[in-house]
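The block underneath contains the structure these notes are about, expressed in structure tokens.
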Amino acid sequence: MNAAEISIVVAEDHALVRQGLRLMLSTESDLRWLADCGDGGQALELVRTLSPDLLLLDLGLPGLDGLRVMQAIAAERLPTRVLVVTARQEAASFHAALGLGAHGYLLKNDDADALVEAIRRVGAGGYHVSPELATLFGPREATGQEELTARESDIAARVGRGLSSKQIGAELGISEHTVRKHRENIARKLGLRNAAELVAWSVRHRLPET
């Protein structure tokens, strides 16, 4: 297997959608389709047995729904990263998915190029949130919120591009550990819970890079 290859399991309850995704992704040489399924229980079992790099997860699955699948993945500390691909645009589902550790949240009305880009970002250790969804994220913009430093703003802008801490460090000439510390400080100042929420905040605010 190519070291840069991203292995994928797809959990989607509509067979035609699964077939379409498989056909589309088969044209990408760095993406490897392992398996697909139509319900949440099967999705969890496939993640346990195949250990894919990435799970493409619909939220509206029969049996275990997508949120409960993510809950189990987090509870069992499984290494598979999760990219939610759903038609749900309401804030409650968005917040719930990010709170349960989703590494990306993509809408089904996004195009094929956006999906492939999101898969590669998340598979490489980064994060992706559909720009349309970023506007649903209501960051805690209460009075008394601390201002970001110039370096923190620079890092937050790159987070908005979905870059991982390692990639940001390489661009800025600093260590991955230093980037992680900056990200922790940014999240604390903004009242954010995880990296995906920081991505949503950064996309919404579209900070300039230096």
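The values are calculated or read from the model by the stated rules, or taken from the named source; none is laboratory data. All values reported here derive from a predicted model rather than from experimental measurement. Note that we place each Cβ from the backbone using ideal geometry, even for glycine, and neighbour counts take in every protein chain shown. For the accessible areas, the whole protein counts, side chains as well, though only heavy atoms, and no ligand, DNA or RNA atoms are used. Shrake-Rupley method; radii C 1.70, N 1.55, O 1.52, S 1.80 Å.
Select, from Gly101, Gly63, Gly126, the only residue that is within 15 Å of Gly162 (Cβ to Cβ) and of a type outside the set (A, V, I, L, M, F, W, C).
Gly126
Based on this model, can you work out whether Ala4 counts as in a loop (DSSP other than H, G, I, E, B), open to solvent by 10 Å² or more (accessible area, probe 1.4 Å) and among the aliphatic types (A, V, I, L, M)?
Judged against the criteria, Ala4 is a match.
May I ask you to list the residues in segment 124-143 that are polar (S, T, N, Q), open to solvent by 10 Å² or more (accessible area, probe 1.4 Å) and either in the same structural domain as Leu107 (by the TED database) or modelled with pLDDT of 55 or more (or both)?
Selection gives Thr135 alone.
Where the second residue is open to solvent by 10 Å² or more (accessible area, probe 1.4 Å) and small (Gly, Ala, Ser) and the first is part of a helix (DSSP H, G or I) and lies in segment 88-116, which pairs have Cβ atoms under 8 Å and are six or more apart or on separate chains?
Ala91/Gly138
Looking only at segment 11-55, filter to residues that are over 19 Å from Pro79 (Cα atoms) and of a type in the set (Val, Ile, Thr); which one of those is surrounded by the fewest Cβ atoms within 10 Å (Cβ to Cβ)?
Top of the filtered list is Thr27.
Scan segment 104-123 for residues that are crowded, with 16+ Cβ neighbours inside 10 Å and either basic (Lys, Arg) or over 23 Å from Ser165 (Cβ atoms) (or both) and jot them down.
Across segment 104-123, the qualifying residues are Leu107, Asp110, Leu115, Arg120, Arg121.
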